[in-house]
Every structure is written in C-alpha cells, then in structure tokens.
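Input: one structure, supplied below.
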Number of protein chains: 2
Amino acid sequence: MTTASAAAAPTRARRVERSRRGDKQPTIHDVAKAAGVSKSAVSLAIRNQTGVSEATREHILSVAQELGYRSNVWARSLVQGRTGLVGVLLQDLGNSYHRDVTAGVEDAAAEHDLRLVIAHGRRDHRRLQAELDSLLALGVEGVVIVSSSVPPTYLERIAKRVPLVVIGRLPHEVPGLDTVANQDEMGARLAVQHLMELGHSRIAHLTGSSRPAALHRRRSFAESMRNLLPDVEPQIEGPERLDAAIKYLIFQIQQEKGAPTAVFTQNDRIAAELVGACLDAKLELPHQLSIVGYDNSSVCRMLRPQLTSVDQPRVRMGQMALDMLFERIGGRIEDKHVTIAPRLEVRDSTAPPRD
Amino acid sequence: MTTASAAAAPTRARRVERSRRGDKQPTIHDVAKAAGVSKSAVSLAIRNQTGVSEATREHILSVAQELGYRSNVWARSLVQGRTGLVGVLLQDLGNSYHRDVTAGVEDAAAEHDLRLVIAHGRRDHRRLQAELDSLLALGVEGVVIVSSSVPPTYLERIAKRVPLVVIGRLPHEVPGLDTVANQDEMGARLAVQHLMELGHSRIAHLTGSSRPAALHRRRSFAESMRNLLPDVEPQIEGPERLDAAIKYLIFQIQQEKGAPTAVFTQNDRIAAELVGACLDAKLELPHQLSIVGYDNSSVCRMLRPQLTSVDQPRVRMGQMALDMLFERIGGRIEDKHVTIAPRLEVRDSTAPPRD
DNA sequence: GTGAAAGCGCTAACAT
DNA sequence: ATGTTAGCGCTTTCAC
C-alpha cells in the first residue's frame with residue numbers, strides 16, 4: 001500500500017462494514033501482497049497474458065485460488081470500456097419458440113465470448129421498453145430483441161446507441177438495425193400447397209392478429225390461393241372476435257354445403273383453440289376438417305390429432321441474430337435483413353377431405 | 001481538471017478510439033463542465049439527493065438531459081460496493097410455470113428497487129452451474145433459483161457467498177439457504193380426494209421421475225390411498241420406461257377387470273402424453289379413465305378433455321422467494337423454508353367412473 | 001520480466 | 001450549499 005497512510009482510515013472502516021455482511025472478497029491487491037508481486041503481475045497472470053514468467057504465473061494463480069479471488073467484472077469493464085455483455089429481450093419467456101431462439105443466441109454468444117443477459121417483456125409494450133432501457137443501463141454491447149412489439153421510433157433511437165438485431169417482423173424497415181425473420185410468405189404457401197395436394201380446395205385462413213407476421217401470412221395465403229386455386233374465393237376469418245370466427249367456421253362445416261374442408265391458422269395457439277372447439281362440436285378430425293398451424297410448438301404433439309404445422313428454424317434464427325449482432329459490434333455499418341425458409345412438419349391433423 | 005495535464009494525453013487518445021465506435025457517452029465530468037458546477041453537484045443532482053439548491057439541480061438536470069447523459073452503473077457500483085442486481089436462474093424458460101414464477105419475482109423485485117437478471121439453465125446440470133457462476137461474476141446481490149437440479153453441495157458453497165432462495169424441492173435441506181415450495185403432499189391428497197368423491201377407488205399414479213417433488217407426490221399419493229381407500233392396493237407406474245407404463249395402463253383398461261378407473265399423474269406433461277395415448281387407443285375420456293395432472297399449465301385448456309390439474313400459486317411463490325431474498329440481503333441469518341398450499345382446478349378430464 | 005503510477009466514471013468524506 | 005479530494009478494483013502505459 002503506497003498511498004498516504006492517513007487516508008487509509010476511512011477505507012479500512014468501509015472494509016469492516018462490508019465484511020460484516022460476509023463479502024470480504026479478496027482483491028487483486030490482496031493477491032499481489034500474498035504472492036509477493038505487483039498488482040499488474042497478478043492482472044496479467046489471471047488474464048493469461050504474456051508479461052509474467054511461467055513460474056510467477058503459476059504461483060500467482062495458486063495463491064489466487066487459495067484466497068478465493070474472483071476478479072471484479074465491474075472494475076474491469078470500467079477501465080476497459082466494455083462489458084462483454086449482450087442482452088436478449090424476450091417478448092414472453094413462457095413458450096418453446098422463445099426458448100429455442102434463446103438457446104441459439106446463447107450458443108452463438110458463447111462462441112464469441114459474450115455473456116448473455118435475458119430480460120423479459122411480459123407481452124407488455126411498456127415493460128419491453130423499460131427492460132430495454134435497463135439492459136442499456138447495464139452496459140450491454142448489443143441487444144437481440146425477440147419481439148416485434150417494440151415501437152419502431154423507439155427502436156430507431158436505441159439503435160443509435162447500441163447495436164440491435166430484431167428477430168421477427170417489424171411493421172416497416174427501421175434504419176440502423178438488423179432483422180432476422182422466417183419467410184412467412186413461404187410458410188403460408190407451404191400450408192396451402194400441402195392442403196391442395198391432399199385434395200382440398202375450399203381452404204380457409206384463421207387469424208387473430210394484424211401484426212406484421214400475421215399480416216404476411218394472411219396476404220400470402222390469399223395470394224397462394226389465387227395462384228393455386230384461382231376458382232375458389234379465399235375465405236379469411238378474424239382477426240377480430242376470434243371466438244366468434246371459430247364458432248362460425250364450425251357452423252359452416254356442420255350446416256353448409258360449400259363449407260371449408262381445411263383451415264390454415266396464423267399460429268399453433270389458434271390452431272389448438274380450433275381443434276378444441278371442433279372436438280367440442282363433435283366434428284371428426286381430420287376427416288371433416290384438416291388443420292395446419294404455424295410454429296411447430298410443443299403443443300403440436302400433445303394434441304389429438306397431432307398438429308401439422310409450419311416450422312421456423314428457431315435455434316438457427318437465434319444463432320444468426322447473434323452473429324449479426326457481433327458483426328455490428330465489430331463495426332459493420334450497413335443494415336442487414338435475413339429471412340430463413342420454414343418447412344412444413346406434417347402430422348395427423350391433415351388428411352384428404354372426406355368426399 | 002486538476003490532475004497533471006501531462007497525463008491527459010493517453011486519456012484523450014482513448015476517448016478518440018472510443019468515439020470512433022460511436023459511444024462517446026458524456027460523463028458526469030462533461031455535465032459538470034457544461035453546467036459550470038462540480039462533479040459532486042452533478043452526482044447529487046441526478047440522484048435526487050439534498051445538497052444542491054433547487055435551482056442548481058434543475059439547471060444540472062436540463063444540461064444532463066441535453067447532453068444525453070446516462071450515469072454509468074458500473075462506476076457507481078464499483079464505488080458503492082453494491083449493484084442492486086438480483087439473479088433469477090431458470091431451469092427452463094420455455095414453459096408457463098417458469099414464466100409465472102419469474103413474473104412474481106419481477107414484481108417483488110421492482111418493489112424493492114432491485115433489477116432482475118435472468119439466466120437460463122436449459123435443463124442442463126452443468127449449464128445451471130455455469131450460469132450461476134456467471135451471475136455471481138456479474139455481481140448480483142442474491143439469486144432466486146427456479147430449479148431443484150443444482151447439486152446441494154454446490155448450492156451450499158455458493159450460499160456462503162451470496163443469498164440464495166430455491167423455489168422447488170431439494171433432495172435434502174441445505175444449510176444457509178431458503179426455500180419456497182408448494183405442498184406436494186397436499187396436492188396429491190387433493191387429487192386422490194377429488195377422484196374418490198367422484199366414486200373412483202382404483203386409482204393409479206403415473207410418474208416419470210424420482211426427483212424430490214415427484215417423490216413427495218408419489219409418497220403422498222400412496223399414503224392418501226391407504227388413508228382414504230384402505231382396501232385398495234395403490235398402483236404406481238414409472239418412473240422408468242414411462243412409455244411402457246402408459247401402454248400397460250391402457251392395456252389394463254382395455255383387457256382387465258380390476259383395471260384403474262382414474263390416474264393421477266406427476267405433472268401435466270405426463271398427463272398430456274397419457275391423454276394422447278388413450279385417445280390413440282380409442283379410449284373414451286373421461287368415462288373410461290379420469291385423469292388428474294399437476295401444475296395447471298397452459299396445455300390443460302388446450303387438451304380435450306380439458307385437464308383437471310393441481311395448481312401451484314406460481315406468481316405468489318415467486319414473490320415470496322424474492323421477499324425472502326430481500327430479507328437475507330438485509331441481514332437475516334436463520335434459514336427459512338416456506339411451503340404454499342396448492343388447490344385443485346377441476347375441468348373435464350375427471351368424471352364418475354362408467355360403472 | 002516486473003513494478004510504479006495514472007486513471008476508467010463515479011461517490012462520499014472532507015473542506016470551504 | 002458548493003467544491004475538492006481520495007479512492008472503489010482493475011488495466012495499461014511506461015520506466016526499470
């Protein structure tokens with residue numbers, strides 16, 4: 001300790017205060033003293049840098065180990081001006097889509113030596129923003145946002161301060177940030193094609209939202225129908241009053257002659273509701289109605305019949321997002337927008353129409 | 001700037017280096033200079049502390065605003081010796097149980113002015129440990145662990161360094177940490193009671209694990225059966241070869257005279273598998289078999305018949321865990337173990353037995 | 001190869 | 001009420 005000993009008094013006082021609460025946590029200084037070397041030697045040794053002899057390093061490391069030394073990330077970040085942290089902002093952590101995407105992000109982060117901090121928006125507009133702020137305050141070097149509900153103007157502002165990659169469909173392009181999305185157009189086309197190949201022509205679409213991804217699926221559904229089945233008027237139910245829409249569909253099937261024989265839904269959750277309602281109405285699935293979902297979530301295999309669904313490569317999307325974030329952190333300037341092809345996972349909820 | 005001006009050179013150089021990457025981020029120093037006051041005045045002003053006149057504060061705040069100043073959490077933590085961070089370590093973020101528990105933790109954390117950092121163990125033993133380490137390195141002041149798969153010896157070691165609250169059942173009591181759990185015994189009893197009241201006596205239990213919570217449910221099932229239905233030998237299937245166990249149950253129901261008329265499962269996931277297998281085997285639910293799950297997860301309402309299930313007060317459990325953590329951080333020494341009563345959510349998967 | 005010293009951005013004790 | 005100063009624990013020149 002080379003600084004004036006007069007000044008040591010308050011310092012010591014604080015030390016005592018802290019150890020009372022149990023976290024006496026040895027510092028680099030303690031290690032240096034115990035090992036009989038300088039602070040810088042310790043610093044170099046623990047970071048595996050050149051500048052200390054092999055013998056010294058080993059000695060230092062063993063002393064550090066013994067003392068239970070752990071380097072203080074905050075102090076390090078302070079001086080280095082970087083934290084090695086990236087954030088993942090999740091719209092909702094209670095589902096398999098988010099789980100898998102996050103896993104992908106995590107894997108890629110590990111490869112780049114970045115630490116992940118997960119934040120949870122809880123499907124709430126304002127909370128998403130608050131959490132994003134909070135991530136920034138934490139000093140993350142970039143954020144992967146798994147949600148498309150953060151207002152674009154807000155995103156644009158944040159993107160100026162820190163690299164941002166959004167996984168999902170934004171209402172419109174936002175300058176300064178990257179996006180990763182699945183090709184909703186292709187997903188919808190795959191669904192329609194599959195149903196058509198089974199022999200269906202009266203195919204309806206059931207949607208519960210007008211958010212961008214839903215919109216893309218809806219539009220592409222309509223377009224695919226016009227292309228593949230030009231003689232049929234595509235029927236679209238929702239997004240308002242989803243319950244009523246489901247009831248109406250079932251009514252049609254029970255009563256009307258030209259009723260749909262298949263439904264492509266905006267996502268698995270809605271498909272599950274439809275399946276439930278059909279079973280409640282004693283419809284026979286899949287013979288009276290074929291159903292295709294979107295997301296290939298874990299419920300697909302729980303339902304009976306098991307749900308045919310469009311599968312987004314979730315893990316891969318997470319990985320790509322983090323890789324893109326890493327490029328940005330590394331200095332890439334131009335925006336990058338990547339879309340990935342989904343594929344159809346065929347299960348038991350689709351079959352040839354009865355007649 | 002009172003320090004030697006000769007030393008300013010390298011500092012300035014670094015500044016330039018940084019601003020090249022876009023994060024020029026004004027410091028408290030810049031604000032002070034721009035506002036024509038001292039650093040400490042700024043510090044007091046932004047933290048809303050007394051010591052500056054109202055006029056000065058407003059002036060400082062407006063200057064800070066204008067410069068886009070944001071206080072550096074790392075620097076503050078470094079000098080204050082605390083971070084205001086608490087960690088939540090999740091076994092698996094892809095389900096509604098974890099979502100709801102986390103929401104509870106979040107709510108309570110907000111009340112205590114603590115920031116949440118979520119980490120994801122991905123159902124992996126080693127990863128859980130690594131993430132816990134990583135949280136500690138981040139400087140969290142406590143951790144809520146939503147998992148019972150972290151090895152007790154490891155927990156015990158960590159608990160010495162930082163307050164820990166585990167939500168879930170540990171294999172055995174670990175000194176130095178608190179726990180929150182639902183009363184699995186009561187949950188199992190509720191299930192058996194409900195089925196008995198419907199007229200069932202041949203009730204089986206289907207389990208897929210021997211982890212503590214599963215074990216408690218299993219034991220309590222056996223005990224409840226002995227108490228309530230002393231004439232019947234309780235049948236327990238699993239935890240090994242769950243698939244075979246399910247097949248066997250179905251075989252019994254189809255072929256044997258004294259087959260079970262109801263099954264209480266260890267959790268909803270297993271219940272869902274059982275439901276699926278029954279439907280595949282053309283059993284009529286709930287008339288040929290009543291099923292009770294555990295967790296009241298979101299799949300309960302998706303299945304047909306909708307699943308009767310034991311409900312843990314998840315949000316409440318999260319809140320309690322964080323409150324307990326807060327007490328610990330505040331200095332509580334003695335361990336605290338809380339259990340909460342579950343309740344039964346009755347739906348359509350349970351009905352009187354056919355005969 | 002090693003140590004001394006400066007300073008990251010901030011707070012808190014101390015002077016004024 | 002305001003400004004000054006000494007560090008928090010660490011990294012990083014820069015001498016030796």
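For residue B:248, work out the one condition from (1) open to solvent by 40 Å² or more (accessible area, probe 1.4 Å); (2) under 19 Å from residue B:350 (Cβ atoms) it doesn't fulfil.
It is condition (2) that residue B:248 fails.
Separate question: What is the residue count in the stretch B:126-143 for residues that are open to solvent by 30 Å² or more (accessible area, probe 1.4 Å), more than 10 Å from chain A (Cβ to nearest Cβ) and more than 16 Å from the chain's Cα centre (by Cα)?
1
Residue by residue through the stretch A:53-66, note down the ones that are assigned to a helix (DSSP H, G or I), within 8 Å of DNA strand C (Cβ to nearest atom) and loosely packed, with under 12 Cβ neighbours inside 10 Å.
Correct list: A:55 only.
Restrict the check to the stretch B:84-93 and report whether at least one residue is within 14 Å of DNA strand C (Cβ to nearest atom) and either within 19 Å of residue A:89 (Cα to Cα) or surrounded by fewer than 17 Cβ atoms within 10 Å (Cβ to Cβ) (or both).
Yes, some residue in the stretch B:84-93 is within 14 Å of DNA strand C (Cβ to nearest atom) and either within 19 Å of residue A:89 (Cα to Cα) or surrounded by fewer than 17 Cβ atoms within 10 Å (Cβ to Cβ) (or both).
Test residue B:179 against the criterion of being open to solvent by less than 40 Å² (accessible area, probe 1.4 Å), over 17 Å from residue B:147 (Cβ atoms) and polar (S, T, N, Q), and give yes or no.
no
For the stretch A:42-54, which residues satisfy the criterion of being modelled with pLDDT of 90 or more and of a type in the set (A, V, I, L, M, F, W, C)?
Within the stretch A:42-54, A:42, A:44, A:45, A:46 qualify.
Looking only at the stretch A:144-166, count every residue that is closer than 19 Å to residue A:334 by Cβ and crowded, with 18+ Cβ neighbours inside 10 Å and tell me the total.
Of the residues in the stretch A:144-166, 9 are closer than 19 Å to residue A:334 by Cβ and crowded, with 18+ Cβ neighbours inside 10 Å.
Return yes or no: is residue B:318 touching a residue at least 40 places away in the same chain (Cβ under 8 Å) and farther than 27 Å from residue A:306 by Cβ?
Criteria met by residue B:318.
Restricting the search to the stretch A:42-52, which residues are near DNA strand D (Cβ under 10 Å from one of its atoms) and part of a loop (DSSP other than H, G, I, E, B)?
Once the filter is applied, which keeps residues that are near DNA strand D (Cβ under 10 Å from one of its atoms) and part of a loop (DSSP other than H, G, I, E, B), the stretch A:42-52 yields A:47, A:49, A:51.
Restricting to the stretch A:72-93, name every residue that is within 16 Å of DNA strand D (Cβ to nearest atom) and within 16 Å of residue B:137 (Cα to Cα).
Across the stretch A:72-93, the qualifying residues are A:72, A:73, A:74, A:75, A:76, A:77, A:78, A:82, A:83, A:84, A:85.
Residue-wise test of (1) within 23 Å of residue B:351 (Cα to Cα); (2) open to solvent by less than 10 Å² (accessible area, probe 1.4 Å).
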site: B:236; (1), (2): yes, no
site: B:263; (1), (2): yes, yes
site: B:266; (1), (2): yes, no
site: B:289; (1), (2): yes, yes
site: B:295; (1), (2): yes, no
site: B:309; (1), (2): yes, yes
site: B:321; (1), (2): no, yes
site: B:325; (1), (2): no, yes
site: B:332; (1), (2): no, no
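Does any residue in the stretch B:62-79 that is among the charged types (D, E, K, R) come within less than 8 Å, Cβ to Cβ, of a residue that is near DNA strand C (Cβ under 7 Å from one of its atoms) six or more places away or on a different chain, and which pairs are these?
As it stands, the answer is B:70/B:25, since those pairs meet every condition given.
Sort out for me the strands (runs of 3 or more DSSP E) sitting completely within the stretch A:301-351 that have 1 or more residues that are within 14 Å of chain B (Cβ to nearest Cβ).
So the answer is A:308-311.
A quick yes/no check of all residues on (1) modelled with pLDDT of 85 or more; (2) more than 9 Å from DNA strand D (Cβ to nearest atom); (3) within 14 Å of chain A (Cβ to nearest Cβ):
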| position | (1), (2), (3) |
| --- | --- |
| B:13 | no, no, yes |
| B:25 | no, yes, yes |
| B:36 | yes, no, no |
| B:40 | yes, no, no |
| B:56 | yes, no, no |
| B:65 | yes, yes, no |
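Restricting attention to the stretch B:101-108, does a residue exist that is over 27 Å from residue B:182 (Cα atoms), at pLDDT 90 or above and either open to solvent by 70 Å² or more (accessible area, probe 1.4 Å) or facing chain A (nearest Cβ under 9 Å) (or both)?
Checked against the condition, which is being over 27 Å from residue B:182 (Cα atoms), at pLDDT 90 or above and either open to solvent by 70 Å² or more (accessible area, probe 1.4 Å) or facing chain A (nearest Cβ under 9 Å) (or both), the stretch B:101-108 yields no hits at all.
Can I ask one more? Going by the conditions given, is residue A:284 open to solvent by 30 Å² or more (accessible area, probe 1.4 Å), free of Cβ contacts under 8 Å to residues at least 24 places away in the same chain and farther than 21 Å from residue A:90 by Cβ?
For residue A:284, the condition - open to solvent by 30 Å² or more (accessible area, probe 1.4 Å), free of Cβ contacts under 8 Å to residues at least 24 places away in the same chain and farther than 21 Å from residue A:90 by Cβ - is met.
For residues in the stretch B:39-52 being among the small types (Gly, Ala, Ser) and either open to solvent by 60 Å² or more (accessible area, probe 1.4 Å) or touching a Pro at 6+ places or on another chain (Cβ under 7 Å) (or both), which is farthest from DNA strand C (Cβ to nearest atom)?
B:51
Okay, moving on. In the stretch A:193-220, what residues are hydrophobic (A, V, I, L, M, F, W, C), open to solvent by less than 20 Å² (accessible area, probe 1.4 Å) and over 25 Å from the mean Cα position of the chain (by Cα)?
Answer for the stretch A:193-220, where residues must be hydrophobic (A, V, I, L, M, F, W, C), open to solvent by less than 20 Å² (accessible area, probe 1.4 Å) and over 25 Å from the mean Cα position of the chain (by Cα): A:195, A:203, A:204.
Restricting to the stretch A:109-126, and then to whatever is in a helix (DSSP H, G or I) and at pLDDT 95 or above, can you tell me which residue is nearest to residue A:158 (Cα to Cα)?
Top of the filtered list is A:109.
Could I ask something else about it? In the stretch A:338-350, how many are open to solvent by 50 Å² or more (accessible area, probe 1.4 Å) and more than 16 Å from residue A:316 (Cβ to Cβ)?
Result for the stretch A:338-350: 2.
With respect to the numbered conditions (1) within 10 Å of chain A (Cβ to nearest Cβ); (2) within 14 Å of the chain's Cα centre (by Cα), which one is the sole condition not fulfilled by residue B:150?
With respect to (1) within 10 Å of chain A (Cβ to nearest Cβ); (2) within 14 Å of the chain's Cα centre (by Cα), residue B:150 is out only on (1).
Can you confirm whether residue B:76 is open to solvent by 10 Å² or more (accessible area, probe 1.4 Å), over 24 Å from residue A:123 (Cβ atoms) and not in a helix (DSSP H, G or I)?
Considered against the rule, which asks whether it is open to solvent by 10 Å² or more (accessible area, probe 1.4 Å), over 24 Å from residue A:123 (Cβ atoms) and not in a helix (DSSP H, G or I), residue B:76 comes out as no.
The values are calculated or read from the model by the stated rules, or taken from the named source; none is laboratory data. Because the structure is a prediction, the values reported are computed rather than measured. In this analysis, Cβ positions are derived from the backbone assuming ideal geometry, glycine residues included, and neighbour counts consider all displayed protein chains. Keep in mind that these areas ignore ligands, DNA and RNA; they rest on the heavy atoms of the full protein, side chains included. Shrake-Rupley method; radii C 1.70, N 1.55, O 1.52, S 1.80 Å.
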